[in-house]
2 protein chains.
Amino acid sequence: MAIYIALMHYPVYDRQERVSAAALTTLDIHDVARLARTYGLKGCYVVTPLRSQQALARRLIDHWVTGWGAQYNPTRKEALSLVRMAEDLEEVLAGIEQEQSRRAKTVATTARRYPQARSYGEMAEALRTGGDDPYLILLGTGWGLTRELIEQSDYVLEPIAGKGYNHLSVRTAAAIILDRLVGGAVQ
Amino acid sequence: MAIYIALMHYPVYDRQERVSAAALTTLDIHDVARLARTYGLKGCYVVTPLRSQQALARRLIDHWVTGWGAQYNPTRKEALSLVRMAEDLEEVLAGIEQEQSRRAKTVATTARRYPQARSYGEMAEALRTGGDDPYLILLGTGWGLTRELIEQSDYVLEPIAGKGYNHLSVRTAAAIILDRLVGGAVQ
């Protein structure tokens, strides 16, 4: 099963529910790459259309993968080697298609309720039985993925149910989502 | 079930496996407090013996709980209201005893293998059937909780198994641990 994850900085909502490009949080790149490595994912995309933010992310990745950081912390190198940059979702899908010779099915994650949302059990089953199809899990930064992007996705995952509280960071939400979807397979 | 969590900055190992006090990462306080609120925990302790670090954490908490941040982001206030400061583990245990009239059982978490380690299933069962005993989950920052602290704990939890990779951030590890131990109870 070829699973990829994308940390989407666009198109996401801002505080006022305007569609915008969220700023990178460099720690998110580290955390999601380390999760991708832990759960045996094939790649971790950082998606932003902003050139200056792409340059920042590339500097960070180069530092840990080929620069001084690679010697200082080889396990971080191992994780960050999975990270690739992309301008938009289309570029991510093209990259995966090049590697896997098939277009990925997209799995949107959201803290809101959608009627078409799948449970974690259903989605884990779809991944296990998905055959040769690659899957791409989409994580929203800022105030979350836009409704339009979610509705265009092949699957929507139900929100993480908390005790009446649904405001996790994207880092910790990614950890829970990956553990629920593929944690069983790596144990 | 009264469950607490403590983000321990001492006693932990540094890179050279010397016992030391790790520096606070303010994001960790936010992330672990938000997880504590999501999973219905009774409190989230930030433990450091360093006065300047305690002052920093208090400023952060005050900003979000009673200061300007409380109006700006009420859901953050809700999470950070669960945070308390302590100098050491003994002070945490005394605080819990005052609230629950019983001493908490400690559950150490670690990325290393210990012969006495319990599986997540066993530990979740212990929490469910623990009756009136409060439980305190200990998270190590830096390079992890010291062996001595782990061996003095009532329980040791097995490491999060990854595909030959065991280097998650404390934030994302906390998310997975709480979801595995109490996620079933909040769904």
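The values are calculated or read from the model by the stated rules, or taken from the named source; none is laboratory data. Since the structure is predicted, the reported quantities are computational estimates derived from the model, not experimental observations. Here the Cβ positions follow ideal geometry from the backbone for every residue, glycine too, while neighbour counts run over all protein chains shown.
Couple of notes before you dig in:
- Flag for B:LEU136 being part of a loop (DSSP other than H, G, I, E, B) and either of a type in the set (A, V, I, L, M, F, W, C) or touching an Asp or Glu at 6+ places or on another chain (Cβ under 6 Å) (or both): no
- Residue within segment A:4-26 that is touching a residue at least 24 places away in the same chain (Cβ under 8 Å) and in a helix (DSSP H, G or I) present: yes
- The lone criterion from (1) over 13 Å from the mean Cα position of the chain (by Cα); (2) within 14 Å of another protein chain (Cβ to nearest Cβ); (3) buried (at least 18 other Cβ atoms within 10 Å of the Cβ) left unmet by A:TYR72 is number (3).
- Reported count of residues in segment B:29-52, each being under 9 Å from the mean Cα position of the chain (by Cα) and of a type in the set (Ser, Thr, Tyr), is 1.
- You will find that of A:LEU168, A:LEU181, the residue that is of a type in the set (A, V, I, L, M) and not in a helix (DSSP H, G or I) is A:LEU168 and no other.
- Residue in segment B:77-100 that is farther than 24 Å from B:ALA23 by Cβ, in contact with a Pro (Cβ under 6 Å, 6 or more places away or on another chain), of a type in the set (S, T, N, Q) and away from every other protein chain (no Cβ under 14 Å) present: yes
- Of the helices (runs of 4 or more DSSP H) lying entirely inside segment B:42-98, those carrying at least 2 residues that are aromatic (Phe, Trp, Tyr) are B:68-72.
Table: residues versus (1) touching a strand residue (DSSP E or B) at 6+ places or on another chain (Cβ under 7 Å); (2) away from chain B (no Cβ under 12 Å); (3) crowded, with 21+ Cβ neighbours inside 10 Å.
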residue	(1), (2), (3)
A:ASP133	yes, yes, no
A:GLY140	yes, yes, yes
A:ARG147	no, yes, no
A:GLU151	no, yes, no
A:GLU158	yes, no, no
A:ALA161	no, no, no
A:ALA174	yes, no, yes
A:ARG180	no, no, no
A:ALA185	no, no, no
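Yes or no, residue by residue, for (1) closer than 22 Å to B:ASP28 by Cα; (2) at pLDDT below 95:
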| position | (1), (2) |
| --- | --- |
| A:ILE3 | no, no |
| A:HIS9 | yes, no |
| A:ALA22 | yes, no |
| A:VAL32 | yes, no |
| A:ALA36 | yes, no |
| A:VAL47 | no, no |
| A:THR66 | no, yes |
| A:ASN73 | yes, yes |
| A:ARG76 | yes, yes |
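- Residue check: A:TYR165 meets all listed conditions (1) touching a helix residue (DSSP H, G or I) at 6+ places or on another chain (Cβ under 8 Å); (2) more than 14 Å from every other protein chain (Cβ to nearest Cβ); (3) not hydrophobic (A, V, I, L, M, F, W, C) but one, namely (2).
- Filtered residues of segment A:13-25 (kept if of a type in the set (A, V, I, L, M, F, W, C) and either at the interface with another protein chain (Cβ under 10 Å from one of its Cβ atoms) or buried (at least 20 other Cβ atoms within 10 Å of the Cβ) (or both)): A:ALA22, A:LEU24
- Residue selected from segment B:112-131 under the condition hydroxyl-bearing (Ser, Thr, Tyr) and surrounded by fewer than 14 Cβ atoms within 10 Å (Cβ to Cβ), by the criterion farthest from B:GLU91 (Cα to Cα): B:SER119
- For the residues B:GLY142, B:GLY121, B:GLY130, the requirement of being on the phi > 0 side of the Ramachandran plot and either free of Cβ contacts under 8 Å to residues at least 40 places away in the same chain or more than 13 Å from the chain's Cα centre (by Cα) (or both) singles out B:GLY142.
- Qualifying residue in segment A:105-123 (condition: in a helix (DSSP H, G or I) and over 25 Å from A:GLU151 (Cα atoms)): no
- Lone unmet requirement of (1) within 13 Å of another protein chain (Cβ to nearest Cβ); (2) loosely packed, with under 14 Cβ neighbours inside 10 Å; (3) charged (D, E, K, R); (4) under 30 Å from A:ALA111 (Cβ atoms) for B:ASP28: (2)
- In the set (1) surrounded by fewer than 20 Cβ atoms within 10 Å (Cβ to Cβ); (2) touching a Lys or Arg at 6+ places or on another chain (Cβ under 6 Å); (3) closer than 20 Å to A:ALA33 by Cβ, the condition left unmet by A:SER81 is number (2).
- Top-ranked residue in segment A:141-184 [being touching a Phe, Trp or Tyr at 6+ places or on another chain (Cβ under 8 Å) and among the small types (Gly, Ala, Ser); ranked as modelled with the lowest pLDDT]: A:GLY162
- Within segment B:36-56, the set of residues being out of contact with any Lys or Arg (no Cβ under 8 Å at 6 or more places or on another chain) and surrounded by 22 or more Cβ atoms within 10 Å (Cβ to Cβ) comprises B:ALA36, B:LEU41, B:VAL47, B:THR48.
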